[in-house]
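Okay, handing you the structure first.
The values are calculated or read from the model by the stated rules, or taken from the named source; none is laboratory data. All figures in this text were calculated on a predicted structure; none of them were measured in a lab. Methodologically, a virtual Cβ is constructed for each residue, glycine included, from the backbone with ideal geometry; neighbour enumeration extends over all protein chains shown. All accessible areas refer to the heavy atoms of the entire protein, side chains included, with ligands and DNA or RNA removed. Shrake-Rupley method; radii C 1.70, N 1.55, O 1.52, S 1.80 Å.
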Amino acid sequence: AFAGWIDSTWLAYVERVPEGRRREFVSEVVGRYLLLHPPDGEGRVHVGMVRLEAVAERPGV
């Protein structure tokens, strides 16, 4: 599930990796992250993050 989350939320990074190597890239990211931040007692992985939302408006409208 964590690999799926990385694959879907890190699109800006994952899309830059050649398609044939994306699974390897995501697997490497997951492995390195879990070494530094192991799952909690219930097997959940915690990632500090914030949601950024922007509203764009056309000037003069």
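Within the range 24-31, can one find any residue that is touching a residue at least 24 places away in the same chain (Cβ under 8 Å) and surrounded by 12 or more Cβ atoms within 10 Å (Cβ to Cβ)?
Step one: list which residues in the range 24-31 are touching a residue at least 24 places away in the same chain (Cβ under 8 Å), which gives 27, 30.
Narrowing further to those that are surrounded by 12 or more Cβ atoms within 10 Å (Cβ to Cβ): 27, 30.
Yes; the residues of the range 24-31 include at least one that is touching a residue at least 24 places away in the same chain (Cβ under 8 Å) and surrounded by 12 or more Cβ atoms within 10 Å (Cβ to Cβ).
Continuing with the same structure: So how many residues does the range 20-61 have that are farther than 19 Å from Trp10 by Cβ and either in contact with a Lys or Arg (Cβ under 8 Å, 6 or more places away or on another chain) or not in a loop (DSSP other than H, G, I, E, B) (or both)?
Going through the range 20-61 one residue at a time, the tally reaches 0.
Mind checking which residues of the range 8-21 are open to solvent by less than 70 Å² (accessible area, probe 1.4 Å) and either among the basic types (Lys, Arg) or touching a residue at least 12 places away in the same chain (Cβ under 8 Å) (or both)?
Passing the criteria: only Val14.
Would you mind telling me which numbered condition in (1) surrounded by 12 or more Cβ atoms within 10 Å (Cβ to Cβ); (2) in contact with a Phe, Trp or Tyr (Cβ under 9 Å, 6 or more places away or on another chain) Val47 fails?
Failed condition: (1).
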